[in-house]
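Structure record follows, encoded as structure tokens.
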Amino acid sequence: KNPAFGPAGKMHGATYTCDVEFSCENLVPELNWVMDIGKASELLSKVLSKYNLKNLDEVFPDGELTTTEFMARKIHQDLAEMIRTDMHETCDDGPAEGEAMWKGQIRVKLWESHKAWASYEAEIA
């Protein structure tokens with residue numbers, strides 16, 4: 001609860017549309033992709049399942065204000081952590097090594113409606 005948010009400071013629901021953009025300087029050699037779209041979809045589904053149809057005040061019980069901006073950043077952080085632990089592809093011109101990790105930029109955009117959205121973008125290295 002936060003008085004700065006007016007009526008939105010009370011318990012209310014939100015239905016988001018989530019767009020994620022993966023980018024990097026170079027395509028993965030020989031595969032000519034930024035990331036396997038199937039793997040990207042799988043990772044995003046895992047992340048979103050933690051929040052789907054949940055009371056975010058219970059998911060984040062330490063009093064965080066679960067704004068759209070906060071959730072965009074949190075989804076980005078969760079994706080970054082999964083990439084660090086699950087991905088072994090690179091976006092450079094060098095050979096992919098067994099311990100290499102996907103490197104690039106991720107932008108998470110959460111849409112509350114066609115005219116209200118927030119995004120968070122950062123490098124994964």
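Descriptive notes on the structure:
- Amide proton proximity set for W117, modelled H, under 5 Å, gap of 5+: E112
- Taking all protein chains together and rolling a 1.4 Å probe, W117 ends up with roughly 130 Å² accessible.
- Computed label-point distance, nm, for sites N26 and S45 using a 7 Å Cα→Cβ extension: 3.2
- Accessible surface, 1.4 Å probe, highest first, among residues R107, R84: R84, R107
The values are calculated or read from the model by the stated rules, or taken from the named source; none is laboratory data. This structure is a prediction, so every number in the text was calculated from the model and none was measured. FYI the Cβ positions are ideal-geometry reconstructions off the backbone, even for glycines, and counts take in every protein chain you see. The area values use the complete protein model at the heavy-atom level, side chains included, leaving out ligands, DNA and RNA. Shrake-Rupley method; radii C 1.70, N 1.55, O 1.52, S 1.80 Å.
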